[in-house]
Amino acid sequence: MRDHSPKPGPEGPVTPVWTGRATNRMQWLPAVAGVACMALGITLAVESPWTSGIAPLLMAVIGCVAAGLLVLFGTLAFVHVAVRVDARAMEVRCGHIGVPRRRIPLSHVVGADFEPSVTPRQWGGWGYRWRPEKGTAVVVRRGEGLVLRLGDGRTFTVTVDDAESAVTVIRALLHRATPPTPTGA
């Protein structure tokens, strides 16, 4: 996490930028299982004394390699999440290549809340999740999270370290973007 406090520059105070991450090292275990499944498929293709024909061998090889790739890339996409908040938007990037990615303009956000305990069980597992009664979430581990309330009534939740300071920055940015209301008659 970087320094989030605005520092004055030649043009005045700089807009705060908040960055945070969350990591789930346990996701490496299914990734290793995916690699093992791919290795089994390759081993079957190269060294198999399969005697019942080419079709069953081909189906076994393709099945093992496809399942291994699906598990490998499905889990590596959610080993960690990176969140960046600036004056325009909150951007969430998953995995090592940043996909899936979600960018939510702050103009679509009506509020931000700190959630001290987000669990995969609440969302039906790890990863990019959607539940009609709860909204959308990126859950890479259990723990604290950031909940954005969007203008269309939906929510977006992401598990990230130091989510409380992200909420503080988002609230400050939302407050600064909202014009003051007149207090007279």
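The values are calculated or read from the model by the stated rules, or taken from the named source; none is laboratory data. Here the structure is a predicted model, which is why all the values come from computation and not from measurement. Every residue, glycine among them, receives a Cβ derived from its backbone with ideal geometry; neighbour counts consider all protein chains shown. Surface areas here come from the heavy atoms of the whole protein model, side chains and all, with no ligands, DNA or RNA. Shrake-Rupley method; radii C 1.70, N 1.55, O 1.52, S 1.80 Å.
The selection criterion, being open to solvent by 40 Å² or more (accessible area, probe 1.4 Å), under 30 Å from Val35 (Cβ atoms) and touching a residue at least 40 places away in the same chain (Cβ under 8 Å), does not hold for Arg93.
Filtering segment 57-90 to residues that are of a type outside the set (A, V, I, L, M, F, W, C), modelled with pLDDT of 85 or more and open to solvent by less than 50 Å² (accessible area, probe 1.4 Å) leaves Gly63, Gly68, His80, Asp86. Look through segment 96-129, keep the residues that are touching a Gly at 6+ places or on another chain (Cβ under 9 Å) and open to solvent by 80 Å² or more (accessible area, probe 1.4 Å), and return whichever of them is farthest from Leu150 (Cα to Cα). Out of the qualifying residues, it is Pro116.
When you check Val92 against the structure, is it among the β-branched types (Val, Ile, Thr) and under 19 Å from Leu146 (Cβ atoms), yes or no? Even if it seems obvious, please write down each step before you answer.
Details: among the β-branched types (Val, Ile, Thr): yes; under 19 Å from Leu146 (Cβ atoms): yes.
When the stated conditions are applied, Val92 passes them.
Out of curiosity, is Val85 within 30 Å of Asp162 (Cβ to Cβ), among the β-branched types (Val, Ile, Thr) and under 32 Å from the mean Cα position of the chain (by Cα)? Taking the combined requirement at face value, the residue satisfies it.
Quick grid of which residues meet (1) buried (at least 22 other Cβ atoms within 10 Å of the Cβ); (2) part of a strand (DSSP E or B); (3) aliphatic (A, V, I, L, M):
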position: Glu133; (1), (2), (3): no, no, no
position: Val138; (1), (2), (3): yes, yes, yes
position: Gly145; (1), (2), (3): yes, yes, no
position: Arg149; (1), (2), (3): no, yes, no
position: Asp152; (1), (2), (3): no, no, no
position: Phe156; (1), (2), (3): no, yes, no
position: Glu164; (1), (2), (3): no, no, no
position: Arg171; (1), (2), (3): no, no, no
